[in-house]
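Single-structure report; data block below.
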Amino acid sequence: MDHIGELGPVDPVQVGVIGTGYVGLTVGACLAHLGHRVTCTDVDVEKVAALRQGRIPIVEDGLDTLVAEGLEQGTLSFELVHPEALGRCDVVFLCLPTPVRDNGDLDLSYVEQAVRHASGHLRPDCIVVTKSTVPVGTAARVRRWLGRADVHVASNPEFLREGCAVRDFLEPARVVIGATDERVAARLAALHAGLHTDVVVTDPASAEMIKYAANAFLATKISFINEIGRLCEAVGADVTEVAAGIGSDPRIGPEFLRTGPGWGGSCFPKDSRGLAYLAAVNDVSAPVVEASIRSNDDQLDHVYRTVRRLVGPADAVAMWGAAFKAGTDDCRESPALALADRLVAAGIEVRIHDPAARFAGRPGVIRVASAVEACDGVAGLVVMTEWPEYRDVDLQAVRSVMAGDVVCDARDVVDGERAVAAGLTVVRLGRPNAAEHAGAPVLA
Ligand code: UGA
């Protein structure tokens, strides 16, 4: 593995991006911001029309500004997918969906289709780069699908968190490039000139594995602290103190040690299962990854049991937050919606507020326009997404409309002092206070 140090000024390159989801749009807008000429393509006619007018279909901090900037300066354009659009590109990023199958394997049909479609139109010496998460070995398959000896294939996995994807792109911890040819690696590294970061160059399979391993490791770290949190509740310790105490050891580090309702989103669940699948098909034992997934399920179960215990035989509860985390409208694999479904299955109506989440209506779930309105007549409130605005909700108003007085704050958002002053009882995960309720029976 080689490290290329900090990079110099940008030499503009013609870039193509196939797919304008969270990853493709961020990559395209950020590369245009760095000075490259970027064409983003998609099959969705309406989406392309909206993007051409600077309307972006997702909630992502700072992305609208970069898209507007790129459109205005003429460095960023959006086109319906047609192979000719890619014919003038030096580098083409594949940012396509790779849906997960039931067994944990990924469906690469969108990638295969796009590659086969583009193949005959790419200019010689072009580099085709896999950007969204793909199974280890995909670069080799892309090479076969392309069937072009004069076109290069490389891996450049993304490490973009939804909600701060633009910042993660422009201030990355590192850029990872997997390429078999040094010249190709150098061209991709140069694309990122202007970013003050190290570039890690390795082979394509290792680059693909770095992505899986990074996500599975971070997910395991969260599963671990959630597990310690459950233990803290049982023995009267405070998980935030424990997280600070272990996180100050540089070998462990303070990041990703926040307890919560469990990890969700489109990445950690998918990549953890993907790694477990990869281990299984290669006949390699991977008990850590498997346990991390199981422990994450246990955490949601723990939140469910805590809520049931706190609210007793309730008709309705309020839920603040539906997105899998704050800063995004994404509800894929959201612990909040999984909890809502379980409460509904137990005969409890769920009144959800979320400032941005996009989710389809579901039986037993009522979406309301304000955080206070969600609490109208409910036995208890559970906070599932850490939207900062929940810190400022009028808790007196909340208490006055609630039938009960309990708040299960799974995200540490509610101000404890103001809650007490309003007559609310707040139970947080991994804290001694939750232990006080541990003896109460769990309702079936
Ligand atoms: C994750 C990775 O962090 C990115 O580096 C990666 O590029 C991305 O997946 C991807 O593969 O595309 P993301 O899923 O957007 O990013 O969200 P994170 O901020 O990593 O959070 C994942 C989950 O862990 C969320 O449910 C979040 O609430 C939870 N979490 C995170 C915790 O419960 N505790 C923490 O301390 C941190």
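Miscellaneous remarks
- Yes/no for Ala193 being away from the ligand (no atom under 13 Å from the Cβ), in contact with a Pro (Cβ under 9 Å, 6 or more places away or on another chain) and at pLDDT below 95: yes
- Filter result for the condition that a residue is of a type in the set (A, V, I, L, M), under 26 Å from Glu162 (Cβ atoms) and touching a Cys at 6+ places or on another chain (Cβ under 9 Å), over Val92, Val67: Val92
- Unique match (being at pLDDT 95 or above, outside any helix (DSSP H, G or I) and open to solvent by less than 10 Å² (accessible area, probe 1.4 Å)) among Val128, Val142: Val128
- Any hit, segment 255-271, residues being within 16 Å of the ligand (Cβ to nearest atom), in contact (Cβ under 8 Å) with a residue 12 or more places away in the chain, open to solvent by less than 50 Å² (accessible area, probe 1.4 Å) and over 26 Å from Asp301 (Cα atoms): no
- Residue check, Val176 away from the ligand (no atom under 13 Å from the Cβ), closer than 26 Å to Lys270 by Cβ and either in a strand (DSSP E or B) or open to solvent by less than 40 Å² (accessible area, probe 1.4 Å) (or both): no
- Annotation note: of Ala318, Ala291, Ala280, the sole residue that is over 15 Å from the mean Cα position of the chain (by Cα), away from the ligand (no atom under 13 Å from the Cβ), on the phi < 0 side of the Ramachandran plot and not in a helix (DSSP H, G or I) is Ala318.
- From Leu66, Leu96, Leu71, residue being within 24 Å of the chain's Cα centre (by Cα), in a helix (DSSP H, G or I) and hydrophobic (A, V, I, L, M, F, W, C): Leu66
- Meets criteria (under 19 Å from Ile18 (Cα atoms) and β-branched (Val, Ile, Thr)) for Val136: no
- Of residues in segment 227-254 being within 12 Å of the ligand (Cβ to nearest atom) and hydrophobic (A, V, I, L, M, F, W, C), the one surrounded by the fewest Cβ atoms within 10 Å (Cβ to Cβ): Ala243
- In segment 275-320, the residues that are open to solvent by 10 Å² or more (accessible area, probe 1.4 Å) and in contact with a Gly (Cβ under 7 Å, 6 or more places away or on another chain): Ala276, Tyr277, Asn296, Leu300, Leu310, Val311, Ala314, Ala316
Residues are listed down the side, and each one gets a yes or a no for (1) in contact (Cβ under 8 Å) with a residue 24 or more places away in the chain; (2) surrounded by 16 or more Cβ atoms within 10 Å (Cβ to Cβ):
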position: Ile56; (1), (2): yes, yes
position: Leu66; (1), (2): yes, yes
position: Glu72; (1), (2): no, no
position: Leu76; (1), (2): yes, yes
position: Val81; (1), (2): yes, yes
position: Glu84; (1), (2): yes, no
position: Cys89; (1), (2): yes, yes
position: Val92; (1), (2): yes, yes
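- When we screen Gly327, Gly347, Gly361 for residues that are surrounded by fewer than 20 Cβ atoms within 10 Å (Cβ to Cβ), away from the ligand (no atom under 16 Å from the Cβ) and on the phi > 0 side of the Ramachandran plot, the only hit is Gly347.
- Selection status of Thr220, of a type in the set (S, T, N, Q), in contact (Cβ under 8 Å) with a residue 40 or more places away in the chain and under 16 Å from Ser295 (Cβ atoms): yes
- Failed item, numbered, when Asp107 is tested on (1) more than 29 Å from Asp271 (Cα to Cα); (2) loosely packed, with under 15 Cβ neighbours inside 10 Å: (1)
- For segment 378-425, filtered to residues that are of a type in the set (D, E, K, R) and outside any helix (DSSP H, G or I), the residue that is least open to solvent (accessible area, probe 1.4 Å) is Asp409.
- Conditions (1) free of Cβ contacts under 8 Å to residues at least 40 places away in the same chain; (2) part of a helix (DSSP H, G or I); (3) within 25 Å of Val115 (Cβ to Cβ): number failed by Val23: (1)
The values are calculated or read from the model by the stated rules, or taken from the named source; none is laboratory data. Source: prediction; values computed, not measured. With ideal geometry, Cβ positions are generated from the backbone for all residues, glycine too; neighbour counts draw on all protein chains shown. Accessible surface areas use protein heavy atoms only, side chains included; no ligands, DNA or RNA. Shrake-Rupley method; radii C 1.70, N 1.55, O 1.52, S 1.80 Å.
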